[in-house]
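**Q** My questions all concern the structure below.
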Amino acid sequence: MKLGLIETTALASLLLLLGYRARAAIPLLHRLNIPAPVIGGLAMSIVVLAHRSFATTPIQFDTTLQRPLMIAFFTSIGFAASYRLLRVGGPQMLLFLLACSVLAILQNILGAGVATLFGLPPLFGTLTGAVTLAGGPATGMAFAPLFEQAGVAGAGSIALASGMGGIVLGSILGAPLATMLIERYKLRPGAATADTHALATTSEPDASPAQDATYTVLKNLTLVLLAMWVGSGISQLIENAGVTMPPYIGSLIIGAAIRNLDDATGWLHLSHKTIDTIGGVTLSLFLSMALMTLNLLELASLAAPLLINLLLQAALVAALCLGPVFILMGKDYDAAVMCGGFAGVMLGTTANGMAVMRSVVERYGIAPSAFLVVPIVGGFFLDFTNALIITVSVNLLS
């Protein structure tokens, strides 16, 4: 059974809506703020797993749109990178990057320790540590040939399994951790959050009854698509230079350039609410599609060291979120939301972190500082520091 592009996209959308309905109807899911794409996507992946057990031909999906959806989401993040906001969030960004970098080092140490206990090479632990958790499956697959050369057999399969397992754990763990902090300390959006939100929307054009809503959406969507187009060229130049970076980096840069040009000149009259909506829709569809096509057999057949490593890594992230990271980021509402994003980013991907934070703020209210700090650090700066950490680890353990 094979679903084409339209059928796959329609199914992902339907699963996303069902995820929202399930979260509203099931008190436990609502209380833990499990992201709707995770609910719908994982439910479908279980159906696919059951189908494999009695069908000769597995269900196949056309995931052509998955990569463009991911890039569109990160392009919308670029449009949020205002220089004025960066001046406000600068210190927090440095602290968040420090926390992420320290955890990446700890992930490698923990992974190497687990590998040693099972008689495996320490590099196995690095591959299942910062490479695939802080870096995500894409980074894991990019670095897999390097680990193959260093003696880790089947590095590509290990990277994919570890990265996918991390995505599942990060998606499930992040929102409950943030919710626990919010409820334990009775946190709510405060004055500082409101001030940051006001700053983030200062360039939003005034709503006018005469304004054509279709034109507004079309104009902002066109700018997002243009940023993706030009950004793809920049990403290709970076790749040709021999630098391994996520495919969305170029588009994120162009989006930020357009945002700051508009802040300085007011020529484009960007609607940040519209761009944020575009980002939210593309993120949700991307995650729903990614999770519904997840092959759970790869997770079910993991070796004991890989499973134990994932569980210990999740426990490490939870301990840091509930203690040092929450304190470091300021012990307020935004800090709690950032902790949820921290878990999503450091166990899965930046998209997971954003989905986690979105599910939290849908219930408790805006957290502009969190949505400024987490995507820029997780989607950009962390890739630089993590590449350095990975390189040092490989050289030390080879």
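**Q** Cβ-Cβ below 6 Å, separation at least six or inter-chain, first residue in the range 248-264 and within 26 Å of Gln66 (Cβ to Cβ), second in a helix (DSSP H, G or I) and of a type in the set (Val, Ile, Thr): which pairs?
**A** What qualifies is Tyr248/Ile71; Gly250/Ile234; Ser251/Ile71; Ser251/Thr75; Ile254/Val230; Gly255/Thr75.
**Q** Would you confirm, using the coordinates I've provided, whether Ser76 is surrounded by fewer than 22 Cβ atoms within 10 Å (Cβ to Cβ), of a type in the set (Gly, Ala, Ser) and part of a helix (DSSP H, G or I)?
**A** Answer is no for this residue.
**Q** Which residue is nearest to the chain's Cα centre (by Cα), if the candidates are limited to the range 115-143 and must be aromatic (Phe, Trp, Tyr) and part of a helix (DSSP H, G or I)?
**A** Out of the qualifying residues, it is Phe143.
**Q** Would you pick out the residues in the range 287-311 that are modelled with pLDDT of 75 or more, among the hydrophobic types (A, V, I, L, M, F, W, C), touching a helix residue (DSSP H, G or I) at 6+ places or on another chain (Cβ under 7 Å) and part of a helix (DSSP H, G or I)?
**A** Leu287, Met289, Ala290, Leu291, Met292, Leu306, Ile308, Leu310
Yes/no matrix, rows are residues, columns are (1) more than 16 Å from Asp276 (Cα to Cα); (2) surrounded by fewer than 24 Cβ atoms within 10 Å (Cβ to Cβ); (3) modelled with pLDDT under 90:
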| site | (1), (2), (3) |
| --- | --- |
| Asn352 | yes, no, yes |
| Val356 | no, no, no |
| Gly365 | no, yes, no |
| Pro368 | no, no, yes |
| Phe381 | yes, yes, yes |
| Thr385 | yes, yes, yes |
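**Q** Name, by its number, the condition in (1) modelled with pLDDT under 90; (2) within 28 Å of Asp276 (Cα to Cα); (3) not aliphatic (A, V, I, L, M) that does not hold for Tyr20.
**A** (1)
**Q** Under the condition of being more than 19 Å from the chain's Cα centre (by Cα) and not in a helix (DSSP H, G or I), which residue from the range 247-271 is surrounded by the fewest Cβ atoms within 10 Å (Cβ to Cβ)?
**A** Trp267
One line per residue, one yes/no per condition, for (1) under 24 Å from Gly40 (Cα atoms); (2) not aromatic (Phe, Trp, Tyr):
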| position | (1), (2) |
| --- | --- |
| Pro324 | no, yes |
| Gly340 | yes, yes |
| Thr349 | yes, yes |
| Met354 | yes, yes |
| Glu362 | yes, yes |
| Pro375 | yes, yes |
| Phe381 | no, no |
| Asn386 | no, yes |
| Asn395 | no, yes |
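**Q** Also: It is to be established whether one or more residues within the range 76-99 are without any contact (Cβ under 8 Å) to a residue 60 or more places away in the chain, within 30 Å of Leu5 (Cα to Cα) and not hydrophobic (A, V, I, L, M, F, W, C).
**A** Checked against the condition, which is being without any contact (Cβ under 8 Å) to a residue 60 or more places away in the chain, within 30 Å of Leu5 (Cα to Cα) and not hydrophobic (A, V, I, L, M, F, W, C), the range 76-99 yields no hits at all.
**Q** Looking at the range 50-65, I want the residues that are under 30 Å from Met228 (Cα atoms) and touching a residue at least 24 places away in the same chain (Cβ under 8 Å) and have a partner that is β-branched (Val, Ile, Thr) and surrounded by 13 or more Cβ atoms within 10 Å (Cβ to Cβ) with Cβ atoms under 6 Å, at least 6 apart or on another chain. Which pairs are those?
**A** Filtered contacts from the range 50-65: Phe61/Thr8; Phe61/Thr293; Asp62/Thr8; Thr63/Thr293; Leu65/Thr9.
**Q** Answer yes if at least one residue in the range 91-110 is in a loop (DSSP other than H, G, I, E, B) and touching a Phe, Trp or Tyr at 6+ places or on another chain (Cβ under 9 Å), and no otherwise.
**A** Looking for residues that are in a loop (DSSP other than H, G, I, E, B) and touching a Phe, Trp or Tyr at 6+ places or on another chain (Cβ under 9 Å), one finds none in the range 91-110, hence no.
**Q** If you don't mind, there's one more thing I want to ask. Looking at Thr244 and the list (1) assigned to a helix (DSSP H, G or I); (2) modelled with pLDDT under 90, which single condition is not satisfied?
**A** With respect to (1) assigned to a helix (DSSP H, G or I); (2) modelled with pLDDT under 90, Thr244 is out only on (1).
**Q** Another one. From the list Met338, Met346, pick out the single residue that is under 12 Å from the mean Cα position of the chain (by Cα) and in a helix (DSSP H, G or I).
**A** Met346
**Q** Could I ask something else about it? Among the residues of the range 9-58, count how many are buried (at least 18 other Cβ atoms within 10 Å of the Cβ) and β-branched (Val, Ile, Thr).
**A** Here the count works out to 5.
**Q** Touching a Cys at 6+ places or on another chain (Cβ under 8 Å) and either surrounded by fewer than 23 Cβ atoms within 10 Å (Cβ to Cβ) or part of a helix (DSSP H, G or I) (or both): which single residue out of Leu181, Leu146 fits that description?
**A** Unique residue meeting the criteria: Leu181.
**Q** State which residue pairs qualify: first residue without any contact (Cβ under 8 Å) to a residue 40 or more places away in the chain and inside the range 121-133, second residue outside any helix (DSSP H, G or I) in any location, beta carbons under 9 Å apart, and separation of 6 or more residues or different chains.
**A** So the pair list comes out as Leu127/Val152.
The values are calculated or read from the model by the stated rules, or taken from the named source; none is laboratory data. Quantities reported herein were computed from a predicted structural model and do not represent experimental measurements. Cβ sites come from the backbone with ideal geometry, for glycine too, and all protein chains shown count toward neighbours.
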